[in-house]
Amino acid sequence: MNKIHVNAINRKISLDERLFVEECDKKYLEKLTKIADSIEQSYEEKPILLLAGPSGAGKTTTALKIEEILDNRGIHTHTISMDDYFLPASRFSAAVGEDGKPDYEAPDRIDIELLYDHMNRISNCEEVVLPRFEFASQRRFDGASLKRDKKDIVVFEGIHALNPTVTGAAGEFARCMYVSVRSRLELSDGELLHPCYIRLMRRLIRDGRYRGRSAAETLDMFDSVEAGENKYIMPYKQRAEFSVDTFHAYEPAIYKGFLLKTLEQESAVYKDFERFLPMLKTLGEVSPISLEAVPADSLAREFIGGSCYSY
């Protein structure tokens, strides 16, 4: 377990925030470059990469960066979000979890038949029309067509990418990867911030900006999201050949400007907010970083906006 003290982060910010950001991004890119090296060695036999991780893990940016690395080597790579295979509201009725709330993390939210059909056809270089899911309306539309060339790679990224119930026997023609937040922040009183709260910070910002959810609605989903991770995602991470910690030490400093006031307001009105206090403490202790110091290809941009990648 990697542990980082908030005082160490603040010192680096005070010395040179841009250099700090660059150092964190460089370490992340070095990890992905090594994985791309391995993928390159076997992509003709296994042209698909299944990339999984819990909600807010940074799967999409990780996939797009691997695509970028391989594209720059002359290996044409495509990234497909498995979220686009979600069933539209007209065809999906969420099961109720143990907490009495809808279980939106369940694998049957995905159109498994369509997904696996497309995986097989793509691996065989047959043309498919990719779906496009709109979260705000919970509707699905036809998107772009894709026909893989024999030397192309396709990355399927999603929370259930390693679940054999969803991806079937895709392991026969795919390699597997798992990403999540693993590092822990140590606060001034010695408390360690659980990685789930970094992912929650990411989701709070993303959901508010791009999915039409209030902070309270995202907090309401916390229990079901965590339960879904333990039930549907974690049991299959051992299938992963590659594993990456997506935490960037400068993230809390960026998220402070987006979340601190919102969480302060929620702390006064949201029932049982006490369990979310570690996030509030973290954002209160960390020094802010200017948005200008965060490059367009930063993983944080997946959540705060302004990315050079298309999500």
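The values are calculated or read from the model by the stated rules, or taken from the named source; none is laboratory data. Here the structure is a predicted model, which means the values were calculated and not measured. Don't worry about glycine lacking a Cβ; one is built from the backbone with ideal geometry, like all the others, and counts go over all protein chains shown.
Would you pick out the residues in the stretch 263-279 that are farther than 17 Å from residue 300 by Cβ, surrounded by 17 or more Cβ atoms within 10 Å (Cβ to Cβ) and under 24 Å from the mean Cα position of the chain (by Cα)? Give the derivation first.
At the first step, the residues of the stretch 263-279 found to be farther than 17 Å from residue 300 by Cβ are 263-278.
Subsequent filtering for residues that are surrounded by 17 or more Cβ atoms within 10 Å (Cβ to Cβ) retains 263, 266, 276, 278.
Within the stretch 263-279, 263, 276, 278 meet the criteria.
May I ask you to list the residues in the stretch 123-165 that are of a type in the set (A, V, I, L, M, F, W, C), over 27 Å from residue 236 (Cα atoms) and buried (at least 17 other Cβ atoms within 10 Å of the Cβ)? Spell out the reasoning first.
First pass over the stretch 123-165, keeping only residues of a type in the set (A, V, I, L, M, F, W, C): 125, 128-130, 133, 135-136, 141, 144, 146, 153-156, 159, 161-162.
Then keep just the ones that are over 27 Å from residue 236 (Cα atoms); that gives 125, 128-129, 136, 141, 144, 146.
Scanning the stretch 123-165 gives 128, 146.
Can you name every residue in the stretch 56-87 that is within 18 Å of residue 111 (Cα to Cα), of a type in the set (D, E, K, R) and either buried (at least 23 other Cβ atoms within 10 Å of the Cβ) or touching a residue at least 60 places away in the same chain (Cβ under 8 Å) (or both)?
83
Give all pairs with beta carbons closer than 9 Å in which a residue from the stretch 268-288 that is of a type in the set (Phe, Trp, Tyr) meets a residue that is part of a loop (DSSP other than H, G, I, E, B); count only pairs at least 6 apart in sequence or on separate chains.
276/270
Could you please find all residues in the stretch 246-285 being modelled with pLDDT under 95 and either of a type outside the set (Lys, Arg) or under 17 Å from residue 208 (Cβ atoms) (or both)? Give the derivation first.
Step one: of the stretch 246-285, the residues modelled with pLDDT under 95 are 271-272.
Matches in the stretch 246-285: 272 only.
Taking the condition surrounded by 13 or more Cβ atoms within 10 Å (Cβ to Cβ), over 23 Å from the mean Cα position of the chain (by Cα) and either assigned to a strand (DSSP E or B) or modelled with pLDDT of 90 or more (or both), does residue 175 pass? Before the answer, list the steps.
Numbers: surrounded by 13 or more Cβ atoms within 10 Å (Cβ to Cβ): yes; over 23 Å from the mean Cα position of the chain (by Cα): no; either assigned to a strand (DSSP E or B) or modelled with pLDDT of 90 or more (or both): yes.
No.
For the stretch 61-86, how many residues meet the condition of being in contact with a Leu (Cβ under 9 Å, 6 or more places away or on another chain) and not charged (D, E, K, R)?
12
What pairs come out if I take residues in the stretch 93-112 that are among the small types (Gly, Ala, Ser) and pair them with residues that are part of a loop (DSSP other than H, G, I, E, B) and modelled with pLDDT of 80 or more whose C-beta lies under 7 Å away, six or more apart or interchain?
Once the first residue is among the small types (Gly, Ala, Ser) and sits in the stretch 93-112, its partners that are part of a loop (DSSP other than H, G, I, E, B) and modelled with pLDDT of 80 or more give 95/106.
Starting from residues that are among the aromatic types (Phe, Trp, Tyr) and touching a residue at least 60 places away in the same chain (Cβ under 8 Å), keep the ones in the stretch 225-264 and report whichever is nearest to residue 2 (Cα to Cα). If you could, list the steps in order and put the result at the bottom.
Quick first cut of the stretch 225-264, residues among the aromatic types (Phe, Trp, Tyr) only: 232, 236, 242, 247, 250, 255, 258.
Narrowing the set further to residues that are touching a residue at least 60 places away in the same chain (Cβ under 8 Å) leaves 232, 236, 242, 247, 250.
Details: 232: 25, 236: 23, 242: 18, 247: 10, 250: 15 Å.
This residue is 247.
Out of curiosity, is residue 142 farther than 27 Å from residue 246 by Cβ, acidic (Asp, Glu) and outside any strand (DSSP E or B)? Step through it out loud before you land on a result.
Working: farther than 27 Å from residue 246 by Cβ: yes; acidic (Asp, Glu): yes; outside any strand (DSSP E or B): no.
Criteria not met by residue 142.
Being more than 23 Å from residue 135 (Cβ to Cβ), within 20 Å of the chain's Cα centre (by Cα), surrounded by fewer than 12 Cβ atoms within 10 Å (Cβ to Cβ) and not hydrophobic (A, V, I, L, M, F, W, C): is that true of residue 31 here?
Working: more than 23 Å from residue 135 (Cβ to Cβ): yes; within 20 Å of the chain's Cα centre (by Cα): yes; surrounded by fewer than 12 Cβ atoms within 10 Å (Cβ to Cβ): no; not hydrophobic (A, V, I, L, M, F, W, C): yes.
No.
Scan the stretch 265-306 residue by residue and report those that are over 18 Å from residue 222 (Cα atoms) and of a type in the set (D, E, K, R).
281, 285, 292, 297, 301, 302
Output the number of residues of the stretch 14-39 satisfying the condition of being charged (D, E, K, R) and touching a strand residue (DSSP E or B) at 6+ places or on another chain (Cβ under 9 Å). Even if it seems obvious, please write down each step before you answer.
First, pick out the residues of the stretch 14-39 that are charged (D, E, K, R): 16-18, 22-23, 25-27, 30-31, 34, 37.
Within this subset, residues satisfying the condition of being touching a strand residue (DSSP E or B) at 6+ places or on another chain (Cβ under 9 Å) are 31, 34.
So the answer is 2.
What are the residues in the stretch 1-46 that are hydroxyl-bearing (Ser, Thr, Tyr) and either assigned to a helix (DSSP H, G or I) or under 18 Å from residue 288 (Cβ atoms) (or both), if any? Show your work before the answer.
So the first thing to find is which residues in the stretch 1-46 are hydroxyl-bearing (Ser, Thr, Tyr), and the list is 14, 28, 33, 38, 42-43.
Of everything in the stretch 1-46, those that are hydroxyl-bearing (Ser, Thr, Tyr) and either assigned to a helix (DSSP H, G or I) or under 18 Å from residue 288 (Cβ atoms) (or both) turn out to be 14, 28, 33, 38, 42.
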